[in-house]
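Heads up, the thing below is written out as structure tokens.
The values are calculated or read from the model by the stated rules, or taken from the named source; none is laboratory data. Keep in mind it's a predicted model, so treat the numbers as computed, not measured. Cβ: placed from backbone, ideal geometry, glycine included. Neighbour counts: every protein chain shown. Note: areas computed on protein heavy atoms with side chains; ligands, DNA, RNA excluded. Shrake-Rupley method; radii C 1.70, N 1.55, O 1.52, S 1.80 Å.
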Amino acid sequence: ILRDEEFDIHIKISGHEDCRCIRGQLLPRDGKEFPPPARCHLLRNGVRIQSTGTDETGEFQFDEVPEGGLYLQVDLTGLTIVGSLNTQD
């Protein structure tokens, strides 16, 4: 779980070295409405390698995720959340 003052981001990394995926969900910490759609980006060495959006329940997914240290960036209106991820076994 990645945490911000307003949101929790639940992350699950699954698969194996040739075929990893990341599934996540952006949830408001106050337990009220789901947030408006957000853009999610995977970054390696400061460069975006994949982007996707959240659905109506805050869920998102990245397929074919490379091994190693990455950052997840979530862009909401007026707020950007960045957290580190490690996809090594």
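Below are the figures for this structure:
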quantity: Selection count where residues are of a type in the set (A, V, I, L, M) and more than 20 Å from Ser14 (Cα to Cα), scope segment 30-73; calculated: 2
quantity: Members of segment 36-49 that are closer than 15 Å to Leu26 by Cα and loosely packed, with under 14 Cβ neighbours inside 10 Å; calculated: Pro36
quantity: Of residues in segment 55-64 being open to solvent by less than 40 Å² (accessible area, probe 1.4 Å) and out of contact with any Phe, Trp or Tyr (no Cβ under 7 Å at 6 or more places or on another chain), the one farthest from Glu6 (Cα to Cα); calculated: Phe62
quantity: Selected residue (only one of Ile49, Ile1, Ile11, Ile22 is among the β-branched types (Val, Ile, Thr) and at pLDDT below 90); calculated: Ile1
quantity: Given (1) in a loop (DSSP other than H, G, I, E, B); (2) over 17 Å from Leu76 (Cβ atoms); (3) of a type outside the set (A, V, I, L, M, F, W, C), index of the condition Glu5 fails; calculated: (2)
quantity: Residues of segment 54-70 classified as of a type in the set (Asp, Glu) and either at pLDDT 95 or above or part of a strand (DSSP E or B) (or both), total; calculated: 4
quantity: Unmet requirement for Thr52, which otherwise passes all of (1) without any contact (Cβ under 8 Å) to a residue 24 or more places away in the chain; (2) surrounded by fewer than 15 Cβ atoms within 10 Å (Cβ to Cβ); (3) of a type in the set (S, T, N, Q); calculated: (2)
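To keep it simple, each residue is scored yes or no on (1) open to solvent by less than 90 Å² (accessible area, probe 1.4 Å); (2) more than 10 Å from the chain's Cα centre (by Cα); (3) of a type in the set (Val, Ile, Thr).
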{"site": "Arg3", "(1), (2), (3)": "no, yes, no"}
{"site": "Lys12", "(1), (2), (3)": "no, no, no"}
{"site": "Gly24", "(1), (2), (3)": "yes, no, no"}
{"site": "Lys32", "(1), (2), (3)": "no, yes, no"}
{"site": "Pro66", "(1), (2), (3)": "yes, yes, no"}
{"site": "Gln88", "(1), (2), (3)": "no, yes, no"}
